[in-house]
Amino acid sequence: MEADNSMTVKPPLIGLPGRRRRASDVSGFPEVFDDRDIDLYFADYARGVIEAGGIPVHLPTDIDVAAAGERLDGIVLPGGTDIDPVRYGADPHPELLAPEQERDDLELGLLSAALDAGIPVLGICRGIQVVNVHQGGTLHQHVPAHGRFDLPTATAIHQVSFAEGSILGEMYGPSAEVNSLHHQTVADLGRDLAVTARSDDGAVEGLEMGDLVVAVQWHPEMMPTRPTDPIFRWLVKRASR
């Protein structure tokens, strides 16, 4: 009898950083826990990874980013608060959301570690901004027309057009209707990045760096199409190499 030389491919490990809060900021905990830390993120990101065949791995702010880069197969940079504008040499806008220095350090460090290790990165909303700032780019700090926080998160707000021949274009075709839950956008483009998606008002909605980094300004994890969204499947497939 011939030996079975087939190998089972293990689901890739996808790192997912979150936000740190005190228990006193989250309802439902007894007061005795008020001074304890809680790490959290919207479960939609993890669900997107799971539905695409990957295993999400939580990355706390205390983690050694270099060690994480050596063990993980991919990373998601999720949405959240604004990056400190000092990171790109700008003064804060009056409408700036409170920066979180530890999170900036973590995610910029994770991106560096991922690039060093050659593992793929998916940036979402804040994530596209982290990618651009990491590469030396800047941000428009307040674009109120894009922050449609008055509507359900899954509401399609505007059309995004994709560059022909891009990874995003191969995923979605020439255009797609997307939600809009952000108030900052890419301004000056960072080095080695290509703009591969724009909204109907010209704002940058997608960036790519080779075949290693894909970042979008909208929230695919909050759209009803998430279980079949090609962007999570791209990450998991690329991370499985």
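Here, each number is a calculation from the coordinates, and none is a lab measurement. Keep in mind that this is a model prediction, so the values were computed, not measured. Ideal geometry is used to build each Cβ from the backbone, glycine not excepted, and the neighbour counts take in all protein chains shown.
Determine the sum of side-chain charges near G48: Lys and Arg each +1, Asp and Glu each -1, restricted to other residues whose C-beta is under 13 angstrom from that of G48.
-1
Apply 1/(1 + (r/R0)^6) to the Cβ-Cβ distance of T81 and S24, taking R0 = 22 Å, and write down the FRET efficiency to the nearest 0.05.
The value I calculate is 0.75.
Could you tell me the center-to-center distance, by alpha carbons, between segment 162-182 and segment 70-95 in angstrom?
Each part's Cα centre sits 22 Å from the other's.
Once you place label points 7 Å from the Cα toward the Cβ at D188 and I38, how far apart are they in nm?
Those two pseudo-labels are separated by 4.0 nm.
If r is the Cβ-Cβ distance from F149 to D116 and R0 is 45 Å, what FRET efficiency results, to the nearest 0.05?
Efficiency, rounded to the nearest 0.05: 0.80.
Under a Cβ-only charge scheme (Lys and Arg +1, Asp and Glu -1), can you give me the dipole magnitude of segment 140-229 about the Cα centre, in debye to the nearest 20?
200 debye
Putting +1 on Lys and Arg Cβ atoms and -1 on Asp and Glu Cβ atoms, find which of V216, Q184, L40 reaches farthest to the positive end of the dipole of the chain.
It is V216, whose Cα lies furthest towards the positive end.
With a Cα-only, solvent-free Debye model of segment 77-195, what are the log10 I(q)/I(0) values at q = 0.13, 0.18 Å⁻¹?
For segment 77-195, the Cα-only Debye profile gives -0.56, -1.06.
For segment 123-228, which chymotrypsin sites (Phe, Trp or Tyr not before Pro) are in a loop by DSSP, counting at most 12 other Cβ atoms within 10 Å?
F149
Kindly work out what percent of the DSSP beta bridges joining two residues of the chain are antiparallel, to the nearest 5.
Expressed as a percentage, antiparallel bridges in the chain total about 60.
Starting from 0 in steps of 5 Å, tell me what percent of the Cα-Cα pairs of the chain lands in each bin.
Taking all Cα pairs of the chain, the binned fractions are 1, 6, 14, 18, 20, 17, 12, 6, 3, 2, 1, 1, 0, 0, 0 percent.
Based solely on its DSSP helices, what 222 nm [θ] is calculated for the chain when runs of n ≥ 4 H residues each add -39,500 (n - 2.57) and the sum is averaged over all residues, nearest 500 deg cm²/dmol?
-7000 deg cm²/dmol
Where nothing but the Cβ of Lys and Arg (+1) and of Asp and Glu (-1) is charged, how large is the charge dipole of the chain around its Cα centre, in debye to the nearest 20?
Once rounded to the nearest 20, the dipole reads 400 debye.
Along the positive direction of the dipole of segment 13-239 (beta-carbon charges: Lys, Arg +1; Asp, Glu -1; about the Cα centre), which of V131, T155, A66 reaches farthest?
T155
Determine the sum of side-chain charges near D73: Lys and Arg each +1, Asp and Glu each -1, restricted to other residues whose C-beta is under 15 angstrom from that of D73.
Once all neighbours under 15 Å are counted, the net charge is +3.
Quick one: Karplus J couplings for segment 138-151, per residue in order, coefficients 6.51, -1.76, 1.60, θ = phi - 60°, nearest Hz, x for Gly and Pro?
So the Karplus estimates, Gly and Pro as x, are 10, 10, 6, 7, 8, 10, x, 5, 8, x, 8, 7, 8, 10 Hz.
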